[in-house]
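*Asks:* Below are the structure tokens for one structure; questions will follow.
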Amino acid sequence: MAMTTYEFEKPIADLEAKIAQLHEREAQGEDVGSEIRALDIELQQTRERIYHNLTPHQRVLIARHFDRPHSLDYIRALFERFVELHGDRQFRDDPALVCGFGFFQGRPVAIIGQQKGKDVKENVARNFGMMHPEGYRKALRVMKLADKFRRPIVIFVDTPGAYPGIGAEERGQADAIAHNIMEMFTLAVPILVMILGEGASGGALGIGVGDRVVMLENAWYSVISPEGCASILWRDAKMAPVAAENLKLTAPDLLELGVIDGVIPEPLGGAHRDPRVAIENVRLALEQLLEELTAIDPDALRQQRYAKYRAMGKVIEAANPASGKAAMVANRRNSPKSERPG
């Protein structure tokens, strides 16, 4: 199956097609080696020019690519003896969430991951990675077990949002998300959150409270999708690129704002271009962060987690010299110089 190509990737696809044609001619005996070498150089330069200058919305598109590795790809590659647990003990199992226990380099851990599909049929089965309330309750059940048996928790986030259907709301979607956020602050074990692709709104936050939150280079994390934001503000989803620019949803933006703690590099063009490299980069990050977090005392861990989130999005009141009235000023975490009107 041919890989999906976005509009901004067309120059790359055109060069790849020309090179493929030249290789066919070479196989038939034609002397086209010099042409192939010249186009190979041009292709590499074009890739670097495009992928090193991606806009926020282009990163959003890469994060949504069908061939991008999802949670189960990382789980199968990185963890041994993974045993999946099912059901929330109240209603049913939620296939949009995979969770259970396994071993990472001999260390027992709990693993939780939102799972999308790689085609339409699988996406329908997984509800496009959009969890119902029973998914959040299933995740919390595993987290509580991890806390009881002192197992670090590794969480993979990849969702376009929590499922917004009537049934989900009737069964307590908002309560399930809020309850998870509250309970995750009480856990005495390390929580490592990795945003693999999309991290949208409460759908991500419901399993997103962590001692360390890191993102893949082309993932995005925001209170709303660019399309949703554009539909609300301009009543036009085509304004999504503008919304993406202003939402500050990319990994570099969020690292600068102090919302995340690190960025995991991807292969040039995205994780789907070379999944083995992406998985290896995640393994290295897991190794380092688990070693760091497991060395922290449980009480200190909870205190640091609480302080980490209390420090985000601080708001102070300052006098407005122009009007004499109180004005709200947003203060970026640990950066007094970054105060700006809110």
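*Asks:* Go over the candidates ALA125, ALA110, ALA63, ALA139 one by one and state the one that is at pLDDT 95 or above and surrounded by fewer than 22 Cβ atoms within 10 Å (Cβ to Cβ).
*Replies:* Residue meeting the stated conditions: ALA125.
*Asks:* Further, regarding this structure: Quick test for you: out of GLY199, GLY210, GLY206, pick the one residue that is under 16 Å from ALA63 (Cα atoms) and either touching a residue at least 24 places away in the same chain (Cβ under 8 Å) or not assigned by TED's automatic domain parsing to the domain that holds ALA162 (or both).
*Replies:* Among GLY199, GLY210, GLY206, only GLY199 is under 16 Å from ALA63 (Cα atoms) and either touching a residue at least 24 places away in the same chain (Cβ under 8 Å) or not assigned by TED's automatic domain parsing to the domain that holds ALA162 (or both).
*Asks:* Restricting the search to the range 107-126, which residues are basic (Lys, Arg) and closer than 30 Å to ARG150 by Cβ?
*Replies:* Matches in the range 107-126: ARG107 only.
*Asks:* Determine whether the range 34-49 contains at least one residue that is within 15 Å of the chain's Cα centre (by Cα), closer than 27 Å to LYS238 by Cα and either of a type in the set (Val, Ile, Thr) or loosely packed, with under 15 Cβ neighbours inside 10 Å (or both).
*Replies:* Checking the range 34-49: not a single residue is within 15 Å of the chain's Cα centre (by Cα), closer than 27 Å to LYS238 by Cα and either of a type in the set (Val, Ile, Thr) or loosely packed, with under 15 Cβ neighbours inside 10 Å (or both).
*Asks:* Another question, if that's okay. Considering only residues that are of a type outside the set (Val, Ile, Thr) and either in contact with a Cys (Cβ under 6 Å, 6 or more places away or on another chain) or surrounded by fewer than 24 Cβ atoms within 10 Å (Cβ to Cβ) (or both), which ones fall in the range 201-216?
*Replies:* Across the range 201-216, the qualifying residues are SER201, GLY202, LEU205, GLY208, ASP211, ARG212.
*Asks:* Return a yes/no flag: does the range 300-310 have any residue that is at pLDDT 95 or above and part of a strand (DSSP E or B).
*Replies:* Among the residues of the range 300-310, not one is at pLDDT 95 or above and part of a strand (DSSP E or B), which makes the answer no.
*Asks:* What are the pairs, 6+ residues apart or on separate chains, where a residue within the range 278-299 that is in the same structural domain as ARG107 (by TED's automatic domain parsing) has its Cβ under 7 Å from a residue that is surrounded by fewer than 17 Cβ atoms within 10 Å (Cβ to Cβ) and in a helix (DSSP H, G or I)?
*Replies:* If the second residue must be surrounded by fewer than 17 Cβ atoms within 10 Å (Cβ to Cβ) and in a helix (DSSP H, G or I), the pairs left are ILE279/ALA77.
*Asks:* A follow-up question, please. For TRP220, indicate whether it is touching an Asp or Glu at 6+ places or on another chain (Cβ under 9 Å), among the aromatic types (Phe, Trp, Tyr) and farther than 22 Å from LEU140 by Cβ.
*Replies:* Criteria met by TRP220.
*Asks:* Further question: So which residues in the range 206-243 are aliphatic (A, V, I, L, M) and over 15 Å from the mean Cα position of the chain (by Cα)?
*Replies:* Residues satisfying the conditions are ALA230, ILE232, LEU233, ALA237, MET239, ALA240, VAL242, ALA243.
*Asks:* Checking the conditions here, which among PHE103, PHE128 is closer than 18 Å to ALA168 by Cα and of a type outside the set (Gly, Ala, Ser)?
*Replies:* When all the criteria are applied, what remains is PHE128.
*Asks:* I would also like to ask the following. Can you confirm whether the range 21-41 contains a residue that is under 30 Å from ASP253 (Cα atoms) and free of Cβ contacts under 8 Å to residues at least 60 places away in the same chain?
*Replies:* no
*Asks:* Now for a different question. Tally up the residues in the range 281-293 that are surrounded by 14 or more Cβ atoms within 10 Å (Cβ to Cβ) and more than 22 Å from GLU9 (Cβ to Cβ), please.
*Replies:* 8
*Asks:* Would you tally the residues in the range 119-133 being touching a residue at least 40 places away in the same chain (Cβ under 8 Å) and of a type in the set (Lys, Arg)?
*Replies:* The total comes to 0.
*Asks:* Being surrounded by fewer than 15 Cβ atoms within 10 Å (Cβ to Cβ) and assigned by TED's automatic domain parsing to the domain that holds ALA139 narrows it down to one of PRO267, PRO226, PRO275, PRO252, so name that one.
*Replies:* PRO252
*Asks:* Taking the range 71-92 as the region of interest, how many residues are surrounded by 13 or more Cβ atoms within 10 Å (Cβ to Cβ) and either of a type in the set (Asp, Glu) or under 16 Å from ARG283 (Cβ atoms) (or both)?
*Replies:* Summing the residues that are surrounded by 13 or more Cβ atoms within 10 Å (Cβ to Cβ) and either of a type in the set (Asp, Glu) or under 16 Å from ARG283 (Cβ atoms) (or both) in the range 71-92 gives 11.
*Asks:* Return a yes/no flag: does the range 232-240 have any residue that is in contact (Cβ under 8 Å) with a residue 60 or more places away in the chain and in contact with a strand residue (DSSP E or B) (Cβ under 9 Å, 6 or more places away or on another chain).
*Replies:* no
*Asks:* Could you check PRO160 against (1) more than 24 Å from VAL60 (Cα to Cα); (2) of a type outside the set (S, T, N, Q); (3) surrounded by fewer than 24 Cβ atoms within 10 Å (Cβ to Cβ); (4) in contact with a helix residue (DSSP H, G or I) (Cβ under 8 Å, 6 or more places away or on another chain) and say which number it fails?
*Replies:* So PRO160 meets the others, but not (1).
The values are calculated or read from the model by the stated rules, or taken from the named source; none is laboratory data. All values reported here derive from a predicted model rather than from experimental measurement. Reconstructed Cβ throughout: ideal geometry from the backbone, glycine too, with neighbour counts over all protein chains shown.
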